[in-house]
Amino acid sequence: MTGFGRRVASGVGTLALLAAVVVSTGVIGEQRLSTDERYREFTVTGETGTWVSTDTFHVEVRSTQAAGVVADQSGWQYQTSGVWLLVEVRLVARTEPTTIGYAAVRDDRGRTWRATDRLEQPLLHWSYPLQPGLPVAATLVFEVPTDAASSLTLRLSERADPRMRLVVQIPLRVPATQVTAALADPEPTVVEPPRLVGEDVDHPGWRP
């Protein structure tokens, strides 16, 4: 083999080795990250009574109430083998109309329950667009096991699939004594529909 031929062969061998290293490194990198890790969500945390903001909306949890029985506006009652949680929130879009596609609660064991679909919740599922500068009061309703009711965190996001999105996380304050009292009360708690509010919103960031 001539000197030129040896140099070409050597160069080809070096490129093949580099390509093998790159491929090997890529495979190793993929094996280290699960699908959930590659498409993980980004969380923004807050507390009840304070406003929390994402890139598309502001939200404030006003209160959380436990109930043994709930009723909708038509008077239809809904029983549960666990306990109902009614989370009163204020929401407003930031600069463009947006919706709440994901609403769930998670306990300290990592179990998650989405907002119930046993009764209508107009705010959710893309059916109620929030508008910039127009705060909305709403009640989110969840059906959860009684053993989880006092250790829950509310989770909200713009999309139904919160992966690679900002997710608001706000711990909920539900004493065990409140849960016990709610389960002993046979009177239903009526779930109010979303409504526009203004005077009772104290947050300068929501104004357009």
Long-range amide H partners of Leu134 with built H, under 5 Å: Ala93
HN-Hα J couplings of segment 107-122 from phi, Karplus 6.51/-1.76/1.60, θ = phi - 60°, integer Hz, Gly and Pro as x? 8, 6, 9, x, 6, 10, 10, 7, 4, 5, 10, 6, 10, 5, 10, x
Tell me, in nm to one decimal, what length is gained between Arg114 and Ser127 on full extension, where the rule is 0.36 nm per residue of separation less the Cα-Cα distance? 3.0 nm
How much length is gained on full extension from Gln79 to Asp161, taking 0.36 nm per residue of separation minus their Cα-Cα distance? 26.7 nm
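For segment 131-197, what class follows from the C-alpha gyration tensor (a ≥ b ≥ c being the square roots of its eigenvalues): rounded when a/c is under 1.5, otherwise prolate if a/b is larger than b/c, else oblate? Write down the numbers at each step before the final one.
Numbers: a/c = 2.64, a/b = 1.42, b/c = 1.86.
Since a/c reaches 1.5 but b/c is at least a/b, the shape of segment 131-197 is classed as oblate.
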With T = 20 °C, eta = 1.002 mPa s and Kirkwood Rh from C-alpha pairs, the Stokes-Einstein D of segment 41-206 in µm²/s is about 134
For segment 91-116, list residues with backbone N below 19 Å from a point placed 7 Å from the Cα of Arg195 toward its Cβ? 91-92
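Let me check against my output: what whole-number percent is the relative contact order of segment 129-188, with C-alpha pairs under 8 Å and at least 6 apart?
Values: 37 pairs, mean separation 17.2, N = 60.
This gives 29 percent for segment 129-188.
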Kindly write out, for segment 183-198 in residue order, the coupling ³J(HN,Hα) from the Karplus curve 6.51 cos²θ - 1.76 cosθ + 1.60 (θ = phi - 60°), rounded to whole Hz, with x marking Gly and Pro. 5, 7, 9, x, 6, x, 9, 7, 8, 7, x, x, 8, 6, 9, x
Would you kindly state how much longer the chain becomes between Asp147 and Arg40 on full extension, computed as 0.36 nm times their sequence separation minus their alpha carbon distance, in nm to one decimal? 35.7 nm
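Bear in mind that the values in this text are calculations on the coordinates, not laboratory data. Please read these numbers as outputs of a predicted model, since none were measured by experiment. Here the Cβ is made from the backbone with ideal geometry for all residues, glycine too, and neighbour counts use every protein chain on show.
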